[in-house]
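Reading through the structure tokens given below for one structure.
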Amino acid sequence: MFLLHCPLLLLLLPLSSRPQKFPTRDEELFQMQIRDKAFFHDTSVIPDGAEISSYLFRDTPKRYFFVVEEDNTPLAVTVTPCDAPLEWKLSVQELPEEASGEGSGDPEPLEQQKQQITSEEGTELFSYKGNDVEYFVSSSSPSGLYQLDLLSTEKDTHFKVYATTTPESDQPYPELPYDPRIDVTSLGRTTVTLAWKPSPTASLLKQPIQYCIVINKEHNFKSLCAVEAKLSSDDAFMMAPKPGLDFSPFDFAHFGFPADNNSGKERGFLKPSKFGRQTSPKPRVDLHKVCIGNKNIFTVSDLKPDTQYYFDMFAVNTNTNMSTAYVGTFARTKEEAKQKTVELKDGKVTDVFIKRKGAKFLRFAPVSSHQKVTFSVHSCLDAVQIQVRRDGKLLLSQSVEGVRQFQLRGKAKAKYLIRLKGSKKGASMLKILATTRPNKQSFPSLPEDTRIKAFDKLRTCSSVTVAWLGTQERNKFCIYKREVDDNYNEEQKRREQNQCLGPDTRKKSEKVLCKYFHSQNIQKAVTTETIRGLQPGKSYLLDVYVIGHGGHSVKYQSKLVKTRKFC
């Protein structure tokens, strides 16, 4: 079988006065007596046993030809729409008679042959309109000139065509199992587990098959080229040709026409080539494709709760790069567990624990009218996200690390909803206070820099000298020390950095001293302290706590120090 553009067919017929055979895939030697390669560049030829990709402009029909030489020939034609529905029709008409006056050596005139081919309407064999992958299959087709007409009425689009006269032996498309459905075996808030039966092409014919899963929130896809068309107009597809120019994904050599000095090679499956501008794909956020090898179970993760997703599975023959779609499915992830809303009381500190990547909701409903409302947040470990809404309107969205205070404008009879979102690194702990009384401050004020500085030159065998910053507010500071092993590292120190643990959790023997300190000049709000009575060559972990008027404390960043071994 071979597909021919009409002008090409007209030229080939008169080449010889002998009976002219159209080349078939069974011939070992496949030569054409045409010297000009450029003649074939724009031809609409469907090679026997190869899938081609092409392009349709809207409302501009395209026609392909192929010839079946002998009666009772098996025939299979597959048309795959990519990103728009297609109308296509397959018809056949008798081949033109061979040269009159056999043996005279005079071929029929070209115009007479052209008239023979085009003047008669062929017999329609099959027609289809839609975006499904559709097939025409016949175990016994008559000889003749076959004509495939395609049209897109919605938009410019890509499509693929495959035709063969040996469908039983080719089998380029993976075969589907007797039950081609995708099963949802497990459903969670952010995960969906899928399972499917393997393709017989892999299990029985032992051909290399890989499975590709497509996830999106819009609809199921009927072909892999439809997925790729939506993922990227440039990746895996050719650029649209300029109007008026036909094109094909195969150059002259790919048609099976050997070069002048390279004849006699047997044809096989043709691998499609990429043409046009090469660019990086730009995947859409809501569409994802992942190929997972030959596994037939897969868990899709990182989904959103209470969201409907569509899942499609494609078996891909890695030898031919041709694919077959399983019957797609859809599923809705489970809702987030209903969380109890914690009521905040005016002026009272509330402790909050949040699981990793979790969230907590709090509600504050002041009893009396108020001009301002103050939210004080103390994040004990990593940063947390806080959102505050007043009667549904978003007033605040911030990341909080350490101690932060937010003052918002009040409103009579207003109700405030606070959403706290934990860290991705681990569980989060925090303290929060809401009040309509601006002077009610339970948490102490902190400087921007809460590090403790150690002076290396003042370090001795029995003492270290450290400094830290204060504020303009008079607060109480307590310093504690703890001897640690020499292999104590920063990672261990980080794990112990719970700023909400106060001095009451420490041993009395670890206390060094407590003192009050502040400075009206913020540039001079710094204090130093020398810690004595230490052992030579030993490591110590130092902690400074600042204690507010309400009794709540905040810990500065811990400092690891080491005394000199020799003095």
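The values are calculated or read from the model by the stated rules, or taken from the named source; none is laboratory data. Everything numeric here is computed off the predicted structure, so don't read it as measured data. A quick note on method: Cβ atoms are made from the backbone with ideal geometry, for glycine too, and the neighbour counts reach across all protein chains shown. We work out accessible area using only protein heavy atoms, side chains counted, and drop any ligands, DNA or RNA first. Shrake-Rupley method; radii C 1.70, N 1.55, O 1.52, S 1.80 Å.
Taking the condition closer than 21 Å to His549 by Cα and either open to solvent by 40 Å² or more (accessible area, probe 1.4 Å) or touching a Pro at 6+ places or on another chain (Cβ under 7 Å) (or both), does Leu446 pass?
Yes, satisfied.
Can you confirm whether Glu218 is within 20 Å of Ala50 (Cβ to Cβ), open to solvent by 50 Å² or more (accessible area, probe 1.4 Å) and touching a residue at least 12 places away in the same chain (Cβ under 8 Å)? Judged against the criteria, Glu218 is not a match.
When Val512 is tested against (1) in a strand (DSSP E or B); (2) within 21 Å of Ala383 (Cβ to Cβ); (3) among the aliphatic types (A, V, I, L, M), only condition (2) is not met.
Look at (1) loosely packed, with under 13 Cβ neighbours inside 10 Å; (2) part of a helix (DSSP H, G or I) and you find that Ala202 fails only one, number (1). Of all residues in the stretch 447-477, those satisfying the criterion of being under 15 Å from Lys559 (Cα atoms) and over 53 Å from the mean Cα position of the chain (by Cα) are Arg459, Ser463, Val464, Thr465.
Which residue is nearest to Tyr64 (Cα to Cα), if the candidates are limited to the stretch 150-159 and must be in contact with a Pro (Cβ under 7 Å, 6 or more places away or on another chain) and open to solvent by 30 Å² or more (accessible area, probe 1.4 Å)? In this case the residue turns out to be Leu151.
Residue by residue through the stretch 420-439, note down the ones that are in contact (Cβ under 8 Å) with a residue 40 or more places away in the chain, outside any strand (DSSP E or B) and not charged (D, E, K, R).
Correct list: Gly422, Ser423, Gly426, Ala427, Thr436, Pro438.
Just one of the numbered conditions (1) farther than 28 Å from Gly550 by Cβ; (2) at pLDDT below 90; (3) in contact with a Ser or Thr (Cβ under 8 Å, 6 or more places away or on another chain) is not true of Thr460: (2).
Applying the criterion of being under 16 Å from Gln499 (Cβ atoms) and among the basic types (Lys, Arg) to the residues of the stretch 521-567, the residue that is least open to solvent (accessible area, probe 1.4 Å) is Lys555.
The single residue among Glu97, Glu102 that is at pLDDT below 90 and touching a helix residue (DSSP H, G or I) at 6+ places or on another chain (Cβ under 8 Å) turns out to be Glu97. The strands (runs of 3 or more DSSP E) located wholly in the stretch 336-409 that include 2 or more residues which are under 25 Å from Tyr556 (Cβ atoms) and open to solvent by 30 Å² or more (accessible area, probe 1.4 Å) occupy 350-354, 372-390, 393-409.
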